[in-house]
Amino acid sequence: MSKTSRLRNEVEIFLQENETANTVEVFDHLNTRFKWGATMNQVGNILAKDNRFAKVGHVRGQFRGSVYTVCVWSLQTQIAVV
């Protein structure tokens, strides 16, 4: 079991409820949901390296007092080939 399995499962549940979310929203959700939270590097690696999540775009906005471009994520849609 990986060290981030609880975080990964919580991100999946969060994206099922919200359909799409940017990296900062996922980061904030994890840090309010769990006592120990997660670092931004952990969140980025979870979203980028787990096949359950897909990057659907970018959004530029003001986060934490500065303007950043962050990725928007959703759940990967599986297409069955028959």
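The values are calculated or read from the model by the stated rules, or taken from the named source; none is laboratory data. Treat the numbers as computed from the prediction; the structure is a model and nothing was measured. Cβ placement follows ideal geometry from the backbone for every residue including glycine, while neighbour counts extend to all protein chains displayed.
Values as computed for the structure displayed
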quantity	calculated
The listed residue being part of a strand (DSSP E or B), without any contact (Cβ under 8 Å) to a residue 24 or more places away in the chain and of a type in the set (Ser, Thr, Tyr), out of Thr77, Thr69	Thr69
Residue that is farthest from Gly44 (Cα to Cα) [pool: residues in region 13-23 that are in a helix (DSSP H, G or I) and out of contact with any Leu (no Cβ under 7 Å at 6 or more places or on another chain)]	Glu17
Members of region 34-53 found to be outside any loop (DSSP other than H, G, I, E, B) and either on the phi > 0 side of the Ramachandran plot or surrounded by fewer than 15 Cβ atoms within 10 Å (Cβ to Cβ) (or both), listed by number	Met40, Asn41, Asn45, Ala48, Lys49
Filtered residue count, region 40-61, keeping only those that are at pLDDT below 95 and polar (S, T, N, Q)	1
Residues within region 26-59 that are touching a helix residue (DSSP H, G or I) at 6+ places or on another chain (Cβ under 8 Å) and either charged (D, E, K, R) or in contact (Cβ under 8 Å) with a residue 12 or more places away in the chain (or both), tallied	17
Candidates Asn31, Asn9, filtered to the one that is in a helix (DSSP H, G or I), surrounded by 15 or more Cβ atoms within 10 Å (Cβ to Cβ) and not β-branched (Val, Ile, Thr)	Asn31
Residue pairs meeting the criteria (Cβ under 6 Å; at least 6 apart or on separate chains; first over 11 Å from Phe53 (Cα atoms) and free of Cβ contacts under 8 Å to residues at least 60 places away in the same chain, in region 4-19; second part of a helix (DSSP H, G or I) and aromatic (Phe, Trp, Tyr))	none
Subset of region 8-39 [aliphatic (A, V, I, L, M) and more than 18 Å from Cys71 (Cα to Cα)]	Ile13
Given (1) at pLDDT 95 or above; (2) among the charged types (D, E, K, R); (3) more than 23 Å from Ser2 (Cα to Cα), index of the condition Arg64 fails	(1)
